[in-house]
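The structure appears below as structure tokens.
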Amino acid sequence: MDLFIDRSELARSLASIQGVIERRSARPILSHVLMHASADGLKLTATDEEVAYIGELASSVNEPGELAVDAASLFQVVRALDDATVQLKLGKGDRLEVRAGRSFFRLPGIVAQEFPPLPAFDVRGQAMIDSGALRRLIDQCAFAIATDENRLGFNGAHLEEVGPDCVRMVATDGHRLSVSEAAFEGELALPPRMLLPRKGLGILRKLLDTSNEAITLAFGDNAMQVTRPGQRLWFRLLDGEFPEYKAVLPQSSHHTVTCDHATLVSALRRVSVLAHDRSRPVRFAFEPGELTIDIRSSDRGEVTERVVIDLEGEPLTAGFNVRYLQDILGAISTENVQFDLSGELGPARLTGVGADDAFFIVMPMRLS
């Protein structure tokens, strides 16, 4: 193997790999990236056997070959180089020689035959979705996925078709629920048990940071594949049944509150200074023209914030977890936000005013 490649492109692809590799595995090979050089360029492959990444990079290949190298070490080396072009060459003793300008590194490698083969992927159908829409789906739902790995059915995001050419992503941790929709073209062919893992979604989101093109989604038996120019991401679906979320959606609203999004975000940021205990609710008093948010704590102190609102319905007082509301407001981009409340202990529905492609449910907490 002997090739020349653009340093910035190589560094960008190696950065994408860092979330895939398994640094603490009993199998050291899972912390490595497989480098395969051919007439088509350089292909980088990384996997933890649940998630796999394949990146295809343009390069000038003088001699084909392949080698597995520690992905974190190679990334640190490439990122530290100053020259615009990097030479990668397979040296003696399965060592990777890295040259750029006056810099020279020699990294230990493992023969490619030791790298685990990627599983076969049986595609049922393919759909195209705009990268911006896919980013929004993830941003509006991923934060609500349960972090407790023992809560089967809650530790992944659900995907379903809700009409012609419309896909819905749903996530919940039992205390809040996020629903976001986007248009697609083609055939999704979703499997019956559909739970997208948190890790896979996190890696996918990073790949979409700078992209602005159509993304291909494909599903097979218990797996999903995402393809964009020069990159492919594959991950296994979780083995779990998403809860019947529609049963918890509020059917009516007796109180509708509208307020300025930025003002509420700013107020909650200050309240959160004292709201460290997630098990204790913060008091929200909704009255005509004004929302009062306050905390009274003998050990941490007191804080009161007042926000101008428009209230339809009778005054209402309820307790909420501030962090949950902050996460939801962070996923809303409209100028104004709307609360639909069914009672002091009934589920609250939050939406961005003028945005009908997402809504959020949060359960109030009992005030002591």
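The values are calculated or read from the model by the stated rules, or taken from the named source; none is laboratory data. A quick note: this is a predicted structure, and the numbers were derived from the prediction, not measured. Please note: Cβ atoms are built from the backbone with ideal geometry, for glycine as well, and neighbour counts cover all protein chains shown.
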Name the residues in region 259-291 that are of a type in the set (Ser, Thr, Tyr), surrounded by 15 or more Cβ atoms within 10 Å (Cβ to Cβ) and either out of contact with any helix residue (DSSP H, G or I) (no Cβ under 6 Å at 6 or more places or on another chain) or not assigned by TED's automatic domain parsing to the domain that holds Arg306 (or both), would you? Thr263
Go through the residues of region 174-182 one by one and say whether even a single one is free of Cβ contacts under 8 Å to residues at least 12 places away in the same chain and not acidic (Asp, Glu). no
Tally time: how many residues in region 321-346 are part of a strand (DSSP E or B) and either surrounded by 19 or more Cβ atoms within 10 Å (Cβ to Cβ) or at positive phi (or both)? 5
If we keep only residues of region 334-366 that are of a type in the set (Gly, Ala, Ser) and touching a helix residue (DSSP H, G or I) at 6+ places or on another chain (Cβ under 8 Å), then the residue nearest to Tyr245 (Cα to Cα) is Ala358
Flag if Gly202 is more than 22 Å from Gly19 (Cα to Cα) and either assigned by TED's automatic domain parsing to the domain that holds Asn321 or in contact with a Gly (Cβ under 8 Å, 6 or more places away or on another chain) (or both): no
Among the residues of region 47-80 satisfying the criterion of being among the polar types (S, T, N, Q) and in contact (Cβ under 8 Å) with a residue 12 or more places away in the chain, which is nearest to Ile17 (Cα to Cα)? Thr47
Which one of these is assigned to a strand (DSSP E or B) and surrounded by 15 or more Cβ atoms within 10 Å (Cβ to Cβ): Ile21, Ile5? Ile5
Any residue in region 290-316 that's more than 18 Å from Arg270 (Cα to Cα) and part of a loop (DSSP other than H, G, I, E, B): show its pairings with residues that are among the polar types (S, T, N, Q) and modelled with pLDDT of 95 or more at Cβ separation under 8 Å, as long as the two are six or more apart or on different chains. Gly313/Thr256
Flagged in region 239-290 as within 19 Å of Ile361 (Cα to Cα), out of contact with any Gly (no Cβ under 9 Å at 6 or more places or on another chain) and hydrophobic (A, V, I, L, M, F, W, C), in numbering order, are Ala247, Val248, Leu249, Cys259, Leu264, Leu268, Ala285
Being surrounded by fewer than 16 Cβ atoms within 10 Å (Cβ to Cβ) and either modelled with pLDDT under 95 or over 28 Å from the mean Cα position of the chain (by Cα) (or both) is the filter here; which residues of region 66-84 pass it? Asp82, Asp83, Ala84
Take Ile328 and decide whether it is under 16 Å from His254 (Cβ atoms) and of a type in the set (Val, Ile, Thr). no
Which of the residues belonging to region 1-44 are polar (S, T, N, Q) and farther than 21 Å from Gly91 by Cβ? Ser8, Ser13, Ser16, Gln18, Ser25
Hey, any hits in region 49-62 for a residue that's out of contact with any strand residue (DSSP E or B) (no Cβ under 6 Å at 6 or more places or on another chain) and outside the structural domain of Ile203 (by TED's automatic domain parsing)? yes
Considering region 24-46, residues that are of a type in the set (Ser, Thr, Tyr) and touching a residue at least 40 places away in the same chain (Cβ under 8 Å), and then whichever is surrounded by the most Cβ atoms within 10 Å (Cβ to Cβ), we arrive at Thr45
For region 252-266, state whether one or more residues are among the β-branched types (Val, Ile, Thr) and either on the phi > 0 side of the Ramachandran plot or outside any strand (DSSP E or B) (or both). yes
Going through region 65-80 one residue at a time, which ones are of a type in the set (Gly, Ala, Ser) and in a strand (DSSP E or B)? Gly65, Ala68
Please go through region 85-95 and give me each residue that is over 33 Å from the mean Cα position of the chain (by Cα) and not basic (Lys, Arg), ordered by number. Gln87, Leu90, Gly91, Gly93, Asp94
Filter region 119-141 for residues that are touching a Phe, Trp or Tyr at 6+ places or on another chain (Cβ under 7 Å) and part of a loop (DSSP other than H, G, I, E, B); which is nearest to Leu233 (Cα to Cα)? Phe121
Of all residues in region 81-98, count the ones that are touching a Phe, Trp or Tyr at 6+ places or on another chain (Cβ under 8 Å) and either assigned to a loop (DSSP other than H, G, I, E, B) or without any contact (Cβ under 8 Å) to a residue 24 or more places away in the chain (or both). 1
Subset of region 171-182 that is on the phi < 0 side of the Ramachandran plot and either surrounded by fewer than 22 Cβ atoms within 10 Å (Cβ to Cβ) or among the acidic types (Asp, Glu) (or both) - its residue that is farthest from the chain's Cα centre (by Cα): His175
